[in-house]
Each structure stands twice: as C-alpha cells, then as structure tokens.
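The values are calculated or read from the model by the stated rules, or taken from the named source; none is laboratory data. As the structure is a prediction and not an experimental result, all values here were calculated from the model. Quick reminder, even Gly has a Cβ in these numbers, built from the backbone with ideal geometry, and neighbours come from all protein chains shown. Note: areas computed on protein heavy atoms with side chains; ligands, DNA, RNA excluded. Shrake-Rupley method; radii C 1.70, N 1.55, O 1.52, S 1.80 Å.
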Amino acid sequence: MEFSTNELLEAQAHVWNILLGYLKSMCLKSAVELGIADVLKKHGKPMELSDLMSALSISPTRTDSFRRFMRTLTHMELFAEKPGHEVKYLLTPSSHLLVSGETMNVIPFVNLCVDPTISDPAHVVGPWFKSPKETPFELYFGKSMWDVADEKPEFNKTFNEGMASDSRLVCDVVMMMCGQVFRGLKSLVDVGGGTGTMARAIARAFPETKCTVLDLPHVVDTLKKDDSGVEYVGGDMFVSVPQANAVLLKWILHDWNDEECVKILQRCKEAIPKREMGGKIIIIDMVVGATSDKDAHAVETQLLFDLLMMILLTGKERNEREWRRIILAAGFKDYKITPFLGLRSVIEIYP
Ligand SMILES: C[S@@+](CC[C@H](N)C(=O)[O-])C[C@H]1O[C@@H](n2cnc3c(N)ncnc32)[C@H](O)[C@@H]1O
Ligand SMILES: O=c1cc(-c2ccc(O)cc2)oc2c(O)c(O)ccc12
C-alpha cells in the first residue's frame, strides 16, 4: 500500500507526539515538585510570570525556559492563561487537584506513577510477550508487585499513600452520590482496604457500622488501633475474609485475572450472610462502556489503565459482560451497576 508524502508527514508528527508523551508525566511531576499550584492558590488571583517565579524562588535567568514550561503546562490545560499586556496564570480544575493540603489532591498519585518501580517495567512489554513470566513487572523485578511492596518500605509507603489519596477523593463523592449503598449495614469489611482511608470515612458517616480492613500484613501491621473504631486485620483474601454484612472491594478486582477474581469473590461470599439478611458485595471499579467514557480522551484513559494492570499485575479493566461472567461464576445471583465516578462505577452484587 502506498501513502502520499502528505500522509507520511502527518504520520511523522503523530509518531513524534506519541514518542514524546512521557514528557507530559515528567512536566506534571515537575509542576508538583515546584509547588506551582500551591503558589497560585495562595495568591488567589491570576499571577504574572515574574511574580510566580519570584514566589517559587526561580532565578530571573530562567525566565525564557520557565515561560516555555508554563506554555506547555497551559496547553495541557493544567494551568490557564489570562491574556493581557502581561500574560497571567491561573488554576484549572486539573491543577486544583495539585494543591497540597486540599482533601481532593492527587499529588501522592503523581508520586506513585512516576516512581521507577511503577514506570520501569513498561520497558519490557515487548520481550514479555515472548516470556513465560506472569507480568512485565515480574520479568523486570523477578517478583510480584506485592512482594516488592513487602520488601521495599519506601515503595510500600508511596503505593499506600497513592491509594489513600484516591480514597480521600472517592469517599466524599461516594457518600454524596450513593451513600445509600452503605446505609443500614451492621458491619462491613474493606477487603484490600490499604491503610483504611475508605473504612474510616464509612465509619465516620455511618457510626452504626462496624468497619474492618483486611490487607496484607506489611500494609496493616504498622497501623495502630485509632479512635475511628476501625479494626485492621493482616491476612490473605485468597484464604479467608472476616465475616461481615457487606464486603467492599475498591480497586481490587482490576488487579487480578478472571480466575483469581472468582476465587476472591468466593471467599467474600463465604464471609457474608444471605441477601435476605442484608448480605452484599460492593465493588468500586471501572465498567468499560458504562460511564462518561464516550469521548476519545476517556476511552484512551481506560485503555491505558487496562495496560497498566497488565504490566504491573495480572489484572484488566472489564466491560459489563466480563463483570457478569465472573460474578455469576463465583455463585452470585444478581448485580446492579451505578455509574457515578468519572470513569468508575459502583457494582453491588448479591448472593
Ligand atoms: C490497588 S490497591 C487498592 C487499595 C484500596 N482498596 C484503595 O482503593 O485505595 C490493592 C490492595 O490490595 C491489597 N492486597 C493485595 N493482595 C492481597 C491479598 N492477597 N489479600 C489482601 N489484600 C491484598 C494490596 O496490599 C493493596 O492495598
Ligand atoms: O500503580 C498504580 C497506579 C495507578 C494509577 C495510575 C494513574 C492514575 O492517574 C491513577 C492511578 O493505579 C493503580 C491501581 O489502580 C492498582 O490497582 C494498582 C496499582 C496502580
């Protein structure tokens, strides 16, 4: 097949764009390191470049470079420009999420995603297709991501803080938009609940619910009993899950393949009473095709998440048909999907 010169030149620009994509993450990381969003938030109104640089303690000798840096960040809609005699910079909804100290901030997630333990295994996806290893992560590090988290306390901390920041963001939205999902439960166990951010929020909102977090010992062992009343249990969800009225699985099943998900769901089913007694599983995860994923940007984000799960773990992002298959295979009778959270949904499943 022959292509025209014009098509090939356009193709070259397209390939360049893909190749340089990693600079987007690195610019985001640098913006967080510099604290640009914090300065703009504190200033409270649009800010000239020279004032921004001075507040960030950047020497005027870097003015041209910093202007180019801000131009790219603005193009990516991380910041906005207010035109005028002197351009002024302001926050956008995306950079609002980069303000430290705000409940809804994604800084720990930025730190996690640019951590070499997360980003380096992507280099071996090609060779991994021809290797017997379970994941590119395992080909690169010789062990699973959970084992690396167990052995490297620094990575364990970065990972748990990243996840906790997502839970802080999600729990407010869940309580606001689908609080009824948790209402009236006598007890709930958050399986793979990390350091307990979500469980503590549920315990605060519903004091009548006794909340427990089950996670791997290296995640929960350092957590002290606190005044939230949440109990932390070290264990393995493939072996057993503490008894409760309901089980929460937030961002768990997308880490695992279908067979592993069925096993986890079976252990969860053993932990809850019958539906008539209020037993249910609450899953918070992506349902591809169920949410506001109609635009190309959202579809690309879901595809990238799916690859991330393939690279780091044995998991995947599932559409409704794929969810139904594992839910029924684990012996559940019914389910209900509520799309609520950008790209994620709540799936309630009943025994
Ligand atoms: C992607 S994180 C999600 C954490 C939390 N649910 C959230 O959304 O913030 C997955 C969690 O599963 C835990 N995990 C992995 N294997 C586990 C196992 N066999 N038993 C219990 N927890 C496990 C990890 O330690 C981690 O905290
Ligand atoms: O290691 C990760 C990273 C993420 C992640 C990446 C980019 C984002 O904008 C948000 C989150 O998510 C993960 C995840 O959901 C998981 O189950 C395991 C690991 C990671």
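Return one number: the angle in degrees, 0 to 90 and rounded to the nearest 10, between the long axis of the Cα atoms of helix 153-178 and the longest principal axis of the Cα atoms of the chain.
80 degrees
Roll a 1.4 Å probe over the protein heavy atoms and report the accessible area of TRP146 in Å², nearest 10.
About 60 Å², ignoring ligands and nucleic acids.
Accessible area of the range 159-225 with a 1.4 Å probe: how many percent of it is carbon plus sulfur? Walk me through the intermediate numbers first.
Numbers: 1660 of 2840 Å².
For the range 159-225, the apolar C and S fraction of the accessible surface comes to 58 percent.
Among THR212, THR197, THR72, which one shows the biggest mean-square fluctuation in a GNM of the chain, springs joining Cα atoms closer than 10 Å?
Among THR212, THR197, THR72, the largest mean-square fluctuation in the Gaussian network model of the chain belongs to THR72.
If you fit an axis through the alpha-carbon atoms of helix 258-271 and take the longest principal axis of the Cα set of the chain, what angle between them do you get, 0 to 90°, nearest 10?
Tilt of helix 258-271: around 50 degrees.
Roughly how many Å² of GLU86 are accessible to a 1.4 Å probe, to the nearest 10?
Looks like 90 Å² after rounding.
Which whole-Hz ³J(HN,Hα) couplings does the range 203-211 yield from phi under the Karplus relation 6.51 cos²θ - 1.76 cosθ + 1.60, θ = phi - 60°, glycine and proline marked x?
4, 5, 6, 10, x, 6, 9, 7, 9
Dipole of the chain (Lys/Arg Cβ +1, Asp/Glu Cβ -1, origin at the Cα centre): which of MET176, PRO242, SER65 lies farthest to the positive side?
Value: MET176.
Run the 1.4 Å probe and let me know the accessible area of GLU151, rounded to the nearest 10 Å².
110 Å²
Roll a 1.4 angstrom probe over the protein heavy atoms and tell me the percent of accessible area of the range 1-151 that is carbon or sulfur. Numbers along the way, then the final one.
Details: 5440 of 9710 Å².
For the range 1-151, the apolar C and S fraction of the accessible surface comes to 56 percent.
For the range 190-251, compute Rh as the Kirkwood radius over C-alpha pairs and then the Stokes-Einstein diffusion coefficient at 20 °C and 1.002 mPa s; write the answer in µm²/s, rounded to an integer. Walk me through the intermediate numbers first.
Details: Rh = 11.6 Å.
Taking Rh from Cα pairs, D becomes 185 µm²/s.
Would you mind counting up the charge near ASP227? Only other residues with Cβ under 11 Å from its Cβ, with Lys and Arg at +1 and Asp and Glu at -1.
On the way: positive: ARG200, ARG204, LYS224, LYS225; negative: ASP226.
Summing Lys/Arg as +1 and Asp/Glu as -1 gives +3.
Just the accessible area per residue of the chain, please: how many Å² with a 1.4 Å probe? Show your work: numbers first, answer last.
On the way: 18600 Å² over 351 residues.
Accessible area per residue, the chain: 53 Å².
Return the calculated 222 nm mean residue ellipticity for the chain, to the nearest 500 deg cm²/dmol, obtained by summing -39500 (n - 2.57) across DSSP H runs with n ≥ 4 and dividing by the residue count.
Values: 17 runs with 168 residues, N = 351.
Using -39500 (n - 2.57) per qualifying helix, the result is -14000 deg cm²/dmol.
Give the long-range amide H neighbours of ASN319: residues separated by 5 or more places, or on another chain, with amide H under 5 Å away, using H modelled in the peptide plane at 1.01 Å from N.
VAL288
What spacing in nm lies between the two simple spin-label points modelled at SER144 and THR103, each 7 Å away from Cα in the Cβ direction?
Label at SER144, label at THR103, 3.4 nm between them.
Going by Cα centres, the range 141-196 and the range 231-305 are how many Å apart?
Their Cα centres are 12 Å away from one another.
Using only Cα atoms, find the angle between the long axis of helix 296-312 and the longest principal axis of the chain, and express it within 0 to 90 degrees, rounded to the nearest 10.
Taking the Cα atoms of the chain, the angle to 296-312 is about 60 degrees.
Which whole-Hz couplings ³J(HN,Hα) result when phi for each residue of the range 119-124 is put into the Karplus expression 6.51 cos²θ - 1.76 cosθ + 1.60, θ = phi - 60°, listed in order with x for Gly and Pro?
7, 4, x, 5, 5, 10
Once the other residues with Cβ under 11 Å from the Cβ of PRO217 are scored (Lys, Arg +1; Asp, Glu -1), what is the net sum?
On the way: positive: none; negative: ASP150, ASP215, ASP221, ASP236.
It works out to a net charge of -4.
Translational D (Stokes-Einstein, µm²/s) of the chain at 20 °C and 1.002 mPa s when Rh comes from the Kirkwood sum over C-alpha pairs? Intermediate results must be reported in sequence, preceding the final value.
On the way: Rh = 22.4 Å.
The calculation lands on 96 µm²/s.
Could you work out the pair-distance distribution P(r) of the range 5-96 from its alpha-carbon pairs, with 10 angstrom bin width and percents rounded to whole numbers?
15, 46, 24, 13, 3, 0
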